[in-house]
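One structure is given here, and the rest of the page talks about it.
The values are calculated or read from the model by the stated rules, or taken from the named source; none is laboratory data. Worth saying up front: this structure is predicted, and the values here are computed from it rather than measured. Neighbour counts are summed over all protein chains in view; Cβ atoms, including those assigned to glycine, are modelled from backbone coordinates with ideal geometry.
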């Protein structure tokens, strides 16, 4: 089993070996913090039980969360955040309601990403930002995951990654490459300001030897065009 603590220890080891390495979560948080001020109105799309809003809610004017999973909202951990149950392609907010929309570990689950991105653009003001973090469908970890039937994943993933079965949701990866994301977001009226492809060898850390195999794969995929195979996609787009 790869617990989150174990993954983080391997990530810290990798960062010591290659100074300057930042995890996808660190890259994501940096992009988010660049977009906030005390006057910012923020929507966390797919907010789960708290996530990044646990760090930001007290530093923005209006923190809002939305999720389709009612059970997660019932257990939401941030009292300052106003929450609503809704789907990403039917957001219950007026046009131009937000300055910033956040989205982590959600895009891979979207059955209609184009409709969801148009909703994101609709609720953003002109000049507002959309910041996201999602897996890359071209990465070997994700490709292996896609070969496993959904009914097996529901039982296997919690045991491998110490995650509750209730938190394992179906994935479809209908927008999960750099090219697909950029094309769909541009169609929705959003322009790229920053895009990062971030590796992470800790997903193979079932054993120390496998971790070093993951490290080797990270070195091989550092340069273009193989960089497009990194496991995580992190981006910041602005509404034009």
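Observations on the structure shown:
- Put simply, of 130, 117 the only residue that is at pLDDT 95 or above, in a helix (DSSP H, G or I), in contact with a helix residue (DSSP H, G or I) (Cβ under 6 Å, 6 or more places away or on another chain) and buried (at least 16 other Cβ atoms within 10 Å of the Cβ) is 117.
- Subset of region 183-192 (residues that are surrounded by fewer than 18 Cβ atoms within 10 Å (Cβ to Cβ) and not in a strand (DSSP E or B)): 183, 186, 187, 189
- Candidate set from region 21-33 (those that are touching a strand residue (DSSP E or B) at 6+ places or on another chain (Cβ under 8 Å) and either part of a helix (DSSP H, G or I) or modelled with pLDDT under 90 (or both)); member that is farthest from residue 216 (Cα to Cα): 32
- Taking the listed residues 101, 81, 123, 66, the one that is touching a strand residue (DSSP E or B) at 6+ places or on another chain (Cβ under 7 Å), touching a residue at least 12 places away in the same chain (Cβ under 8 Å) and within 21 Å of residue 27 (Cβ to Cβ) is 101, with no other qualifying.
- Total residues in region 193-209, condition over 18 Å from residue 104 (Cβ atoms) and either modelled with pLDDT of 95 or more or in a helix (DSSP H, G or I) (or both): 4
- A residue that is in a helix (DSSP H, G or I) and under 13 Å from the mean Cα position of the chain (by Cα) occurs nowhere in region 1-20.
- Candidate set: region 67-101, residues that are in contact with a helix residue (DSSP H, G or I) (Cβ under 9 Å, 6 or more places away or on another chain) and in a helix (DSSP H, G or I); chosen: the one farthest from residue 126 (Cα to Cα): 71
The rows are residues; the columns are (1) closer than 18 Å to residue 184 by Cβ; (2) modelled with pLDDT under 95; (3) loosely packed, with under 15 Cβ neighbours inside 10 Å.
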{"residue": "43", "(1), (2), (3)": "no, no, no"}
{"residue": "73", "(1), (2), (3)": "no, no, no"}
{"residue": "90", "(1), (2), (3)": "yes, no, yes"}
{"residue": "124", "(1), (2), (3)": "yes, no, no"}
{"residue": "139", "(1), (2), (3)": "no, no, no"}
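- Qualifying residue in region 151-174 (condition: at pLDDT below 90, assigned to a loop (DSSP other than H, G, I, E, B) and on the phi > 0 side of the Ramachandran plot): yes
- Qualifying residue in region 104-112 (condition: under 21 Å from residue 187 (Cβ atoms), surrounded by fewer than 17 Cβ atoms within 10 Å (Cβ to Cβ), modelled with pLDDT of 95 or more and touching a helix residue (DSSP H, G or I) at 6+ places or on another chain (Cβ under 8 Å)): no
- Scanning region 186-220 for residues that are over 14 Å from residue 11 (Cβ atoms) and touching a strand residue (DSSP E or B) at 6+ places or on another chain (Cβ under 9 Å) turns up 186, 188, 189, 190, 191, 192, 193, 194, 195, 196, 197.
- Residue check, residue 54 more than 16 Å from residue 236 (Cα to Cα), in contact (Cβ under 8 Å) with a residue 24 or more places away in the chain and part of a helix (DSSP H, G or I): yes
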